[in-house]
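Quick one: structure below, then a few questions.
The values are calculated or read from the model by the stated rules, or taken from the named source; none is laboratory data. A quick note: this is a predicted structure, and the numbers were derived from the prediction, not measured. Positions of Cβ are generated from backbone atoms using ideal geometry, with glycine treated the same way; all protein chains shown enter the neighbour counts. Side chains are part of the model used for accessible areas, which takes the heavy atoms of the whole protein and leaves out ligands, DNA and RNA. Shrake-Rupley method; radii C 1.70, N 1.55, O 1.52, S 1.80 Å.
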Amino acid sequence: MKELLKETGGYAIIDGGLATELERHGADLNDPLWSAKCLLTSPHLIHTVHLDYLEAGADIISSASYQATIQGFEAKGYSIEKSESLLRKSVEIACEARNTYYDKCKDDNNKILKKRPILVAASVGSYGAFLADGSEYSGIYGDLITLETLKDFHRRRVQVLAESGADIIAFETIPNKLEAQAFAELLDEGVVKIPGWFSFNSKDGVNVVSGDSIKECISIAETCEKVVAVGINCTPPRFIEGLVLEIAKVTSKPILVYPNSGERYDPERKEWVENTGVGNEDFVSYVEKWMDAGVSLLGGCCRTTPTTIRAIHKRLVSRRSLFSSSSSSSSHH
């Protein structure tokens with residue numbers, strides 16, 4: 001991660017929302033597997049969306065595995081072998097999109113971006129995302145769920161994703177401290193050979209969604225050597241700056257944010273409540289503030305699009321050129 005940030009002038013761009021883009025391209029995601037359903041029905045659409053984000057300026061693309069779990073596929077009647085191959089496929093599609101992008105760079109000199117380092121992140125959703133009942137937005141799992149339950153639930157999936165060619169594992173939308181602890185212990189066990197990032201979500205701008213303290217959650221990540229960046233995702237833009245200022249007090253790792261558009265998701269109706277969010281212009285107007293607060297990796301989550309990412313890229317280009325002109329020229333040799 002430090003290498004990537006060195007090459008990108010101190011700031012890197014994460015991609016935006018996947019599910020809403022897949023729907024825009026015609027996918028039907030009304031399913032507990034959500035965007036992971038496309039791994040079965042329309043992998044070419046996932047490839048298209050990844051490529052759209054790379055062409056918009058993303059330096060990091062996340063695999064369509066957020067809702068993909070071995071247990072979820074098994075509930076649909078797939079064998080363990082098939083389930084594991086679908087997990088691998090999610091990362092392979094992202095890697096293929098990166099190759100397609102590189103090939104396009106050779107042919108086309110008008111790209112906004114030339115060939116550059118691109119990381120593929122294997123996305124891991126929380127236990128709540130597998131439940132598909134909205135509990136990743138509450139973080140309340142009940143007393144039956146222990147640290148060991150969570151480790152057992154995630155272990156094989158994390159291992160398969162880590163061995164499938166990804167550069168990093170994105171532990172996303174982590175709703176509580178217990179699950180962060182489970183992920184940290186899995187990384188420390190040594191079954192995973194690639195680094196990870198931890199990203200939490202908040203609905204009040206003070207704590208993570210379960211009510212656990214953001215500082216305590218970040219501290220768990222801070223003590224885990226395998227974690228190379230920490231931050232916030234799937235949280236309304238207006239809360240980001242305050243959270244980042246808190247996070248910066250307890251971490252020395254790069255801070256990442258990829259907020260949602262600020263719209264509210266209704267888990268009962270399984271749809272987004274329109275008009276509760278901010279438009280692209282407003283979303284992007286926050287970007288400077290976030291960078292000033294200490295963010296070095298930024299992108300979007302639910303309901304953000306390649307247009308959002310392209311706009312962030314525009315903002316970053318000016319920021320990066322300031323960064324490189326002020327840093328010593330010796331680093332360019």
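Given K2/K226; K6/K203; K6/K104; K2/K193, which pairs have Cα atoms separated by over 21 Å?
K6/K203; K6/K104
Take the Cα of D282, step 7 Å along the line toward its Cβ, and report every residue of segment 13-41 whose backbone nitrogen sits under 19 Å from that point.
17
A follow-up question, please. Of T146, T69, T251, which is the most mobile in a GNM of the chain whose springs link Cα atoms less than 10 angstrom apart?
Of the options given, T146 has the highest mean-square fluctuation.
What number comes out for accessible area per residue over the chain if the probe is 1.4 Å? Units Å², please. Before the final figure, lay out the partial values.
Details: 13810 Å² over 333 residues.
Per residue, the chain has an accessible area of 41 Å².
Given the Cα-Cα distance of E225 and D266 and 0.36 nm per residue of separation, how much length would full extension add, in nm?
Numbers: separation 41, 0.36 × 41 = 14.76 nm, distance 3.64 nm.
11.1 nm is the gain from fully extending E225 to D266.
In addition: For I174, list long-range residues whose amide hydrogen, built 1.01 Å from N in the peptide plane, is under 5 Å from its own amide hydrogen.
When sequence neighbours closer than 5 places are left aside, the close amide H contacts are S199, F200, N201.
I need the phi-derived Karplus couplings for segment 297-312: 6.51 cos²θ - 1.76 cosθ + 1.60, θ = phi - 60°, integer Hz, Gly and Pro marked x.
Taking θ as phi minus 60°, the curve returns 10, 9, x, x, 10, 3, 6, 8, 10, x, 4, 4, 5, 4, 5, 5 Hz for segment 297-312.
Taking 10 °C and 1.306 mPa s as the conditions, I'd like the Stokes-Einstein D for the chain in µm²/s, using the Kirkwood hydrodynamic radius from alpha carbon pairs.
In µm²/s, the coefficient rounds to 80.
When the Kirkwood radius is taken over all Cα pairs of segment 139-216, what Stokes-Einstein diffusion coefficient follows at 25 °C and 0.890 mPa s, in µm²/s?
My calculation gives 187 µm²/s for D.
Oh, and also: Counting Lys and Arg as +1 and Asp and Glu as -1, each charge on the Cβ, what is the dipole of the chain about the Cα centre in debye, to the nearest 20?
I would put it at about 980 debye.
Additional query: Percent antiparallel among DSSP beta bridges with both residues in the chain, to the nearest 5?
Around 15 percent of the beta bridges assigned by DSSP in the chain are antiparallel ones.
May I ask you to compute the full-extension gain from I80 to K215, defined as 0.36 nm times their residue separation minus their alpha-carbon distance, rounded to one decimal in nm?
44.9 nm
Quick one: longest stretch of the chain between exposed loop trypsin sites (Lys or Arg not before Pro), exposed meaning at most 10 other C-beta atoms within 10 Å and loop per DSSP?
That gives 1-113 as the longest site-free run.
Mind checking which of L29, L86, L119 has the largest fluctuation in a GNM of the chain, springs on alpha carbons under 10 Å?
With Cα springs under 10 Å in the chain, the top fluctuation among L29, L86, L119 is at L29.
Apply the Karplus curve 6.51 cos²θ - 1.76 cosθ + 1.60, θ = phi - 60°, to the phi angles in segment 7-21 and return the couplings in whole Hz, x for Gly and Pro.
Running phi through 6.51 cos²θ - 1.76 cosθ + 1.60 with θ = phi - 60° gives 6, 9, x, x, 9, 10, 10, 8, 5, x, x, 9, 4, 5, 5 Hz.
Averaging sequence separations of C-alpha pairs under 8 Å and six or more residues apart, then dividing by the length of the chain, give the relative contact order as a whole percent.
It comes to 19 percent, rounded to a whole number.
Now, a different point. What is the Cα convex hull volume of segment 63-108 when expressed per residue in Å³?
61
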